[in-house]
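The values are calculated or read from the model by the stated rules, or taken from the named source; none is laboratory data. Here the structure is a predicted model, which is why all the values come from computation and not from measurement. When we count neighbours, we look across all protein chains shown, and the Cβ atoms used for this are built from the backbone with ideal geometry, even at glycine. Quick note on the areas: whole protein, heavy atoms, side chains included, nothing else; ligands and nucleic acids left out. Shrake-Rupley method; radii C 1.70, N 1.55, O 1.52, S 1.80 Å.
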Amino acid sequence: MKPSDNKFDVIVVGGGHAGAEAALASARLGVKTALVSQDKYAIARMSCNPAIGGLAKGQIVREIDVLGGIVGLAADAAGLQFKLLNRSKGRSVWSPRAQTDKRVYESYVLHLVETSENLTLLRGEVVDIIDKNYSVSGVILRNGERLASNTVVITCGTFLNGLIHIGNRKILAGRMGESNSVGITESLTRRGIKSGRLKTGTPPRLFKESVNWEKLDTVAGDENPVPFSYRTKNFNPPNIPCHIAKTNSLCHEIIYNDIERAPLFSGDIFSKGPRYCPSIEDKIFRFAHHESHTLFLEPEWRDSDQIYVNGFASSLPEDVQLNALRQVSGLEKAEFLRPGYAIEYDFFPPAQLKATLESKFINGLYFAGQINGTSGYEEASGQGLVAGINAAKLFLRQKPLTLRRDEAYIGVLIDDLITKDTMEPYRMFTSRAEHRLLLRYSNADQRLAEKAKQYGLISDKFYDFLFNKLQATERLVENLNKCVSPNEINGTLSDINGTTIKHSQPARQILKRPGIKLAHLPKRFTENNDHSNFDKHIIDEIHTEAETIIKYAGYIVRQYEQIERLKSQDKLSIPRDFNYLSINSLSNEAREKLDFVKPETLGQAIRVSGVTPADVGVLSVMLYKSK
Amino acid sequence: MNYDTIVAPATPYGIGGIAVVRLSGPQSLLIVNKLINNNDLRLKLKPRHATLVNLQDENSVAIDESIVTFFETPNSYTGEDLIEISCHGSPVVVDKIISTCCHFGARIADPGEFTKRAFINGKMDLVQAEAVASLIHSQSVESSQLNLRLLHGELSTKLNNLRQKLIDAVSMVEFELDISEDELQPDLNSHVLAIVAEQSQQIHELLSSYKQARMLNHGALVVIAGPPNVGKSTLLNTLSETDRAITSNLPGTTRDTIDVPLLLDGVPINLVDTAGIRQTVEELEQKGVNRTFNYLKKADLIILVHDPGEVETLYYNYPKNVPIIKIMNKVDLLTKTELDSIQTSHSKQLLISAKTGFNIKLLKQQIKTSLRISSSLSDNITITTSRQQRALKQCFNNINTTIELLNSQRSAYELISIELREALDAIGAILGKTTPDDILNNIFNQFCVGK
Ligand SMILES: Cc1cc2nc3c(=O)[nH]c(=O)nc-3n(C[C@H](O)[C@H](O)[C@H](O)COP(=O)(O)OP(=O)(O)OC[C@H]3O[C@@H](n4cnc5c(N)ncnc54)[C@H](O)[C@@H]3O)c2cc1C
Ligand SMILES: Nc1nc2c(ncn2[C@@H]2O[C@H](COP(=O)(O)OP(=O)(O)O)[C@@H](O)[C@H]2O)c(=O)[nH]1
Ligand SMILES: [Mg+2]
């Protein structure tokens, strides 16, 4: 290698979901980027569930898309079936989800990586970082080779000191079939960065032929699927069904009798797993009164002979897993391609990061994905995007990108990570967002398009498209101030059991009524809105948004008022060397927490767990003093 | 600096003397103007001039006669527009002024907040920072200890129970919105409704108990009303065993209200004598009559007095919801037969003589029963401060909106979630905050989450 071959503007360590998104984002900003990963062909591999999106996660995918990221495009290309979840519930919790072909997904992302300008994909295992005066200057590979860069993004997923458990069997691995990675944790803790241990689990994979499909019900996706990405063209996914099986008392009994053989129950694993993604043994133990749990049998790729048993994550010994599953109708002859397992891995408590995902201790060192204590592809991708953008921005000496809690789930995610204690792998829920009503999958463009343009994250063409779409929405909302007359609308109103009107009324007034949709109004409101050049699903989204804006107007205003009240706190920054330990008026807990977290703003300080309003009062006074 | 406007008593609570209430922030002048019951005086408050005004609440009910002083930014303690209201020291008055200010947009100051603002606005020396900080700390410790004491026992159990029920309701809603990918549970609506309807009732009881507690702590407002010259002032003197009110046989002697705090067999009341209610042209008397009406509106109990010469007079629509005791005074002037006949024709009236003390004991008894307070109310669960009351009122409103949403708009659960979370925030002002994590924890404990 020539010396220049070893020198990059940005190095991304790890080619998982976070790493791929980070490297591509950095390269898009025109910065010479290296993506170093242990296995060159396992790029953006789905370690677990072959699916993208879902509640709260679907919103994140949309946000990533508007910010120029690729997870939405990849999911659209790889989708086997699409579903808009929560359709019967409120609009802010509608979330798209797709089951995907994980092979197509990987190769799609790999192709992007390989063909992306400014991006070099390197095979290798990073074992150490190089730094000087608290600034990173490069990384060292297992073979001793050194790569130089003043900005490094670490995205090692579940690989650092990864340890798989199947009953009392233990395997050193980063994911089944892939070796783990040793060195980085030690390298970082030597530099004062704290690490911890978390765990997660995955269900068994079955041979397709071993399942009696006849006995199982099927679930298909939506008839009229909607793509994740605004940039997806020629969207025409197959609608490949998955299958449903039900556990029963025999199955539960087998698990219950051998529950001590699960490492979590036997005491082999101490680290915390995610409560929202419990193992089957956990579900049976804690909810003994449930007679049955639903299992989804999902193909891992098209015509796959490998079937993912969603809902049956387990770290019980292989024989117990198999025996229990074989009690289930349709799975009597099931054969494992691979048993379920749990994995323990290192993470770095993310309170040690700034909102840009840069380390507070080592300049130029960024962290993203599972190593920040999160779980999920979307959570990893969102962080990867932000870290990649900011690494490039640091190199370019441009303003870093941060997202607020009220503008994106990614903002909620990162703010929670850097202010809250990590007790278990963090998954996004819509209820974590105090401004949930404002964070809809269908308005990600309205929230983020300007920022994307401002930071140079998207092409002019894409921005123009988003701009036009937003304009069309605004015009439609405006248009709904016009009146409808009684004879235009009363027929419809009485059809749906509504009170009829006596005088003409602004259309928005009618639309505000429960049960009334845009489609109930006279055609003139929705036709001739010169958005005929949009695809059908875009027009539908424009209509949904207009409806939502009008129906929720009162509550939306309320949420904006709340945001306004809190804004000043987030503007007040706290100096990095602020000495919390010397302030006697702070409570002991607040002193310790704040000293560990070292919040960047007063707003962050307020959200640190254990900090009371009185502590915040004290803090704001002391902040003025130090100015 | 776009601060909001804060309000708080600047002097300690306690009956008697003068109390000072302070308002600080950009809206101070605007807010105090809304309390001033005199159009001429509005907007004419001159900086650093004390002005005597009548204050009234949002329903134009008189609160008190007070002295208002305006300090213009930056020449004030906090450096912001600041208003000082000197009023009578009765906690009822102070609470009312504060809650009216809040109604018009102020919020109750956090402990030490005036000082903090003073500091931030450069009204204090930098070296005082640590002192201010520790003041905030100690005041908040003190007030939380105070709160703890107040919240000791049954009230805190009740409020914690209320909070837990609300968290349960939010959890049910959130489980549907946030975790279950299935269709909406058909019985979710009725389950949530059952919980919140019960809590609405609970809060309603607590809010009414506030009234009881206020009457016990600060005295019930008992207003004597009726036509002129029937013996109202004499009755006040008899009941209070003083000569506070001037009596005479000239109608209209009492031009202004007189307020006497007294203990009626251990029950504290503020007994108010009013100008007689009658159509009159005399200006001064008319003013007094207006005040009388305002007092009647906020009374806890009205004693309506007539005498044998002034029977059956109906001068005014007395406020509903306020209990009334009707009295026939001066029965010492009647003969035995007259007395007997009037007893049958006016059977609902209590016959007394303020002069001789006839039936006064019975009247006292009736006052106590009508107020429905006994001197041993201590086993009742009550809220005690206007801060708690405001928090609960907020909570009550949110819960009632929730009920409306549940009854009208099926599946508006994300809005219901907003209402319930605001209700929890309001309770949080009394008990400490509820975080999203508390809700998620509850969900994970109660529901089998995860495919
Ligand atoms: C067993 C298991 C079960 C899971 N269950 C779920 C689930 O149920 N639901 C869910 O949402 N998520 C689940 N996940 C998590 C999901 O897979 C991750 O959240 C997501 O993949 C994280 O992305 P990432 O980019 O952070 O890391 P990963 O996808 O783990 O990628 C890490 C990448 O870094 C590379 N790498 C690691 N160390 C080095 C090094 N030193 N040098 C070079 N390259 C390195 C690896 O080869 C890999 O390509 C599970 C993961 C596992 C392993
Ligand atoms: N005989 C008699 N005179 C009374 C009684 N109560 C009041 N008076 C007289 O009635 C007159 C008016 O009384 P006052 O208390 O001033 O009436 P007010 O205008 O209702 O306040 C006074 O001369 C009192 O002495 C009573 O019970 N018996
Ligand atoms: Mg009188």
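Below, the figures for the structure above:
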| quantity | calculated |
| --- | --- |
| Within the stretch B:57-85, tally of residues that are farther than 23 Å from residue B:292 by Cβ, assigned to a loop (DSSP other than H, G, I, E, B) and not β-branched (Val, Ile, Thr) | 8 |
| Neighbours by Cβ (under 6 Å, 6+ apart or cross-chain): first from the stretch B:220-236, away from chain A (no Cβ under 14 Å); second basic (Lys, Arg) and more than 9 Å from ligand 3 (Cβ to nearest atom) | B:227/B:278; B:228/B:278; B:231/B:330 |
| Pairs, first over 17 Å from residue A:391 (Cβ atoms) in the stretch A:129-146, second small (Gly, Ala, Ser), C-beta under 6 Å, six or more apart | A:141/A:124; A:146/A:138 |
| Failed criterion for residue A:580 (all others in (1) buried (at least 18 other Cβ atoms within 10 Å of the Cβ); (2) more than 13 Å from every other protein chain (Cβ to nearest Cβ) hold) | (2) |
| Residues satisfying the stated conditions in the stretch A:604-621, i.e. among the charged types (D, E, K, R) and open to solvent by less than 10 Å² (accessible area, probe 1.4 Å) | A:615 |
| Qualifying residue in the stretch A:157-169 (condition: β-branched (Val, Ile, Thr), open to solvent by 30 Å² or more (accessible area, probe 1.4 Å) and in a strand (DSSP E or B)) | no |
| Within the stretch A:170-182, tally of residues that are in a strand (DSSP E or B) and either more than 28 Å from residue A:338 (Cβ to Cβ) or within 10 Å of ligand 1 (Cβ to nearest atom) (or both) | 3 |
| Tally of residues being out of contact with any helix residue (DSSP H, G or I) (no Cβ under 8 Å at 6 or more places or on another chain) and within 14 Å of chain B (Cβ to nearest Cβ) across the stretch A:88-140 | 2 |
| Search result, residues across the stretch A:275-292 that are open to solvent by 10 Å² or more (accessible area, probe 1.4 Å), more than 7 Å from chain B (Cβ to nearest Cβ) and in contact with a Gly (Cβ under 9 Å, 6 or more places away or on another chain) | A:279, A:282 |
| Restricting the stretch A:421-433 to residues that are open to solvent by 10 Å² or more (accessible area, probe 1.4 Å) and at pLDDT 90 or above, the residue that is farthest from the chain's Cα centre (by Cα) | A:432 |
| Subset of the stretch A:36-62 that is away from chain B (no Cβ under 14 Å) and polar (S, T, N, Q) - its residue that is farthest from ligand 3 (Cβ to nearest atom) | A:38 |
| Residue under evaluation residue A:33, criteria (1) of a type in the set (S, T, N, Q); (2) away from chain B (no Cβ under 14 Å); (3) near ligand 1 (Cβ under 9 Å from one of its atoms), criterion not met | (3) |
| Residue within the stretch A:548-561 that is without any contact (Cβ under 8 Å) to a residue 40 or more places away in the chain, within 14 Å of chain B (Cβ to nearest Cβ), assigned to a helix (DSSP H, G or I) and of a type in the set (A, V, I, L, M, F, W, C) present | yes |
| Hits in the stretch A:434-467 - residues which are free of Cβ contacts under 8 Å to residues at least 60 places away in the same chain and among the hydrophobic types (A, V, I, L, M, F, W, C) | A:467 |
| Scan of the stretch A:322-359 for residues that are among the acidic types (Asp, Glu) and either within 12 Å of ligand 1 (Cβ to nearest atom) or on the phi > 0 side of the Ramachandran plot (or both), ordered by number | A:344, A:346 |
| Within the stretch A:557-583, tally of residues that are under 13 Å from residue A:619 (Cα atoms) and out of contact with any helix residue (DSSP H, G or I) (no Cβ under 7 Å at 6 or more places or on another chain) | 5 |
| Residue in the stretch B:220-231 that is open to solvent by 20 Å² or more (accessible area, probe 1.4 Å) and either modelled with pLDDT of 65 or more or outside the structural domain of residue B:325 (by TED's automatic domain parsing) (or both) present | yes |
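This table checks each residue for (1) free of Cβ contacts under 8 Å to residues at least 60 places away in the same chain; (2) among the β-branched types (Val, Ile, Thr).
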{"residue": "A:14", "(1), (2)": "no, no"}
{"residue": "A:31", "(1), (2)": "no, yes"}
{"residue": "A:35", "(1), (2)": "no, no"}
{"residue": "A:38", "(1), (2)": "no, no"}
{"residue": "A:45", "(1), (2)": "no, no"}
{"residue": "A:53", "(1), (2)": "no, no"}
{"residue": "A:56", "(1), (2)": "no, no"}
{"residue": "A:68", "(1), (2)": "no, no"}
{"residue": "A:74", "(1), (2)": "yes, no"}
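Okay, residues lined up against (1) of a type in the set (Ser, Thr, Tyr); (2) within 31 Å of the chain's Cα centre (by Cα); (3) open to solvent by 20 Å² or more (accessible area, probe 1.4 Å):
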residue	(1), (2), (3)
A:484	no, no, no
A:499	yes, no, yes
A:512	no, no, yes
A:524	no, no, yes
A:544	yes, yes, yes
A:565	no, yes, yes
